[in-house]
Amino acid sequence: MATDLKLIVEMVTVIGAATVGGYVANCLKQPVLLGYLLGGMAIGPTGLNLVSGEGDIKVLAEIGVALLLFALGVEFSLKDLLRVRAIALGGGVLLILLTILLGGSLAYVTGWVDTIPTAIFLGAVLSLSSTAVVLKSLIERNEVRSLHGRIMLAILIVQDLGLGLMLAVLPALTQPSDVIGQALFKAVLTVILFLGGAIAAGIWIIPRLIRRVVRQGSQELFLLSILALCLGIAVLTSKIGLGIEMGAFVAGLMVSNMEYADHALDRVLPMRDVFATLFFASIGLLIDPLFLLNNIWILLGLVTITMVGKDIIVTSLVRLIRYSM
């Protein structure tokens, strides 16, 4: 099959499976996200083997994540972040550290892992949550603008920043302390330089460029410029180790304070929904039911630690910063 035709067939297959799965899930009063995952499993390598989890579908799925986080940045302005900065910065950082301590300690004490660096790595994995999944759930429930929705998303943004630091530090855990220190310094410097450059561009460069495009009176040029901004910054952050999610979100923040923010959001939302569906279905392509069954007790233990442990930590932090239950 020709490469270009193969991509079209795979894309149609994934969207079709996600549509069927989402429809069934919705009929059963379940989140459509669950249907997307099951639809992906059904056509993936461990199911009917119609589509693999790699290649062009993976690229399209990453575009979906970028558009999802870009739209969040447009809706979730810098002012919204500053309103919940205490729980976002203080609570978000403490959540990561305490989850690493809890998850890593339990894994090491129970013998799931046999070295401290491995325990820290596992704890770091458990400390993170999927911004895309939580955002999709909040969108379905129409709770993105609620107080608890803003708090959740602000903490997730801090986690995304923390991921950049983890990717730099975790591989160096088995190295001498000076190597770890250098890796941490480099990662922090990268974050600071990127955010500083993004703020400068968002104030002096991006608004002027967008206004020039708008003056041309072309809807197509406006949409293309918005997509180029979103995906371009996402690629940049991916290259420097911060992930495409952070770049896309920052690109959305750049647009959020402009007079054309609502128009940009209206143009991007239909594309966001289609590509985001591809992303969630592509996660299903990677799930192996036999692996889940063979490791069911370990996985249930990890899920319990994540749900119960993080629930206790988050609730305590929210109460500490004087938010209501």
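Only helices enter this figure: runs of n ≥ 4 DSSP H residues, each worth -39500 (n - 2.57), summed and divided by the residues of the chain, yield -25500 deg cm²/dmol at 222 nm to the nearest 500.
Between the residues 200, 314, 154, the greatest Cα displacement towards the positive end of the dipole of the chain, with unit charges on the Cβ of Lys, Arg, Asp and Glu, is found for 200.
About its Cα centre, the chain has a charge dipole of approximately 900 debye under the convention of +1 per Lys or Arg Cβ and -1 per Asp or Glu Cβ, with nothing else charged. In the range 16-168, a dipole from Cβ-located charges (positive for Lys and Arg, negative for Asp and Glu) runs towards its positive end, and of 112, 21, 96 it is 96 whose Cα lies farthest in that direction.
For the range 88-194, go through all pairs of different Cα atoms, get the mean of 1/r, take its inverse, and jot down that Kirkwood value in Å.
Details: mean 1/r = 0.0664 Å⁻¹.
Averaging 1/r across every pair of different Cα atoms and inverting gives 15.1 Å.
Shape verdict for the range 1-83, please, from the Cα gyration tensor: rounded (a/c under 1.5), prolate (a/b greater than b/c) or oblate. Verdict is oblate for the range 1-83.
Calculated FRET efficiency, residue 56 and residue 20, Cβ-Cβ r, R0 25 Å, to nearest 0.05? List each step's numbers first, then the result.
Working: r = 22 Å, r/R0 = 0.87.
For R0 = 25 Å, the calculated efficiency reads 0.70.
Do any of 6/29; 29/239; 79/239 go past 31 Å between their Cα atoms, and which? Pairs exceeding 31 Å: 6/29; 29/239. Normalised by the number of residues in the chain, the average gap of Cα pairs under 8 Å and 6 or more apart makes the relative contact order 33 percent.
Beta carbons within 10 angstrom, averaged per residue: use that to sort the peptides 289-298, 165-174, highest first.
Details: 289-298: 10.4, 165-174: 17.0.
Top to bottom by mean Cβ count within 10 Å: 165-174, 289-298.
Got a number for carbon plus sulfur as a percent of the chain's accessible area, 1.4 Å probe?
On the way: 11970 of 17520 Å².
Ligands and nucleic acids excluded, carbon and sulfur reach 68 percent.
Per residue, how large is the accessible surface of the chain? Use a 1.4 angstrom probe and give square angstrom.
Details: 17520 Å² over 325 residues.
Averaged over the residues of the chain, the accessible area is 54 Å².
When both the range 1-78 and the range 181-207 are represented by their alpha-carbon centers, they are found 32 Å apart. Computed over the range 192-257, the P(r) curve from all C-alpha pair distances, binned at 5 Å from the origin, holds 4, 18, 27, 25, 15, 7, 3, 0 percent per bin. Placing unit charges on the Cβ atoms only, positive for Lys and Arg and negative for Asp and Glu, gives the range 152-221 a dipole magnitude near 440 debye about its Cα centre. Here the 3J(HN,Hα) profile of the range 165-172, calculated from phi with Karplus coefficients 6.51, -1.76 and 1.60 at θ = phi - 60°, is 5, 4, 4, 7, 8, 4, x, 9 Hz, Gly and Pro shown as x. The dipole here belongs to the range 181-279: it is taken about the Cα centre, uses +1 on the Cβ of Lys and Arg and -1 on the Cβ of Asp and Glu, and is about 360 debye. With coordinates expressed along the principal axes, the C-alpha atoms belonging to the range 159-275 extend over 58, 32, 18 Å, beginning with the largest.
For the chain, modelled as a GNM whose springs connect Cα atoms under 10 angstrom apart, the maximal fluctuation among 301, 92, 47 occurs at 301. Rounded, prolate or oblate: pick one for the range 5-144, where a ≥ b ≥ c are the square roots of the eigenvalues of its C-alpha gyration tensor, a/c under 1.5 means rounded, and failing that, prolate if a/b is larger than b/c, else oblate. Since a/c reaches 1.5 but b/c is at least a/b, the shape of the range 5-144 is classed as oblate.
Would you mind putting 144-154, 235-245, 208-218, 272-282 in packing order, based on average other-beta-carbon counts within 10 Å, highest first?
On the way: 144-154: 17.5, 235-245: 19.1, 208-218: 12.6, 272-282: 23.4.
Ranking, from highest mean packing down: 272-282, 235-245, 144-154, 208-218.
Computed across the range 218-325, the Kirkwood hydrodynamic radius from all distinct Cα-Cα pairs reaches 17.7 Å.
With N set to the number of residues, divide the alpha-carbon radius of gyration of the chain by 2.2 N^0.38 Å and report two decimals.
Values: Rg = 20.7 Å, N = 325, 2.2 N^0.38 = 19.8 Å.
For the chain, the normalised Cα radius of gyration comes out at 1.05.
What separates the Cα centres of the range 214-236 and the range 273-325 is a distance of 34 Å. Think of the chain as a dipole: +1 on every Lys or Arg Cβ, -1 on every Asp or Glu Cβ, centred on the Cα centre; then among 70, 177, 241, 70 lies furthest on the positive end.
The values are calculated or read from the model by the stated rules, or taken from the named source; none is laboratory data. Remember, it's a predicted structure, so these values are computed and weren't measured experimentally. Glycine gets a Cβ as well: all are built from the backbone with ideal geometry, and neighbour counts include every protein chain shown. In case anyone asks, the SASA skips ligands and DNA or RNA and just uses the protein heavy atoms, side chains included. Shrake-Rupley method; radii C 1.70, N 1.55, O 1.52, S 1.80 Å.
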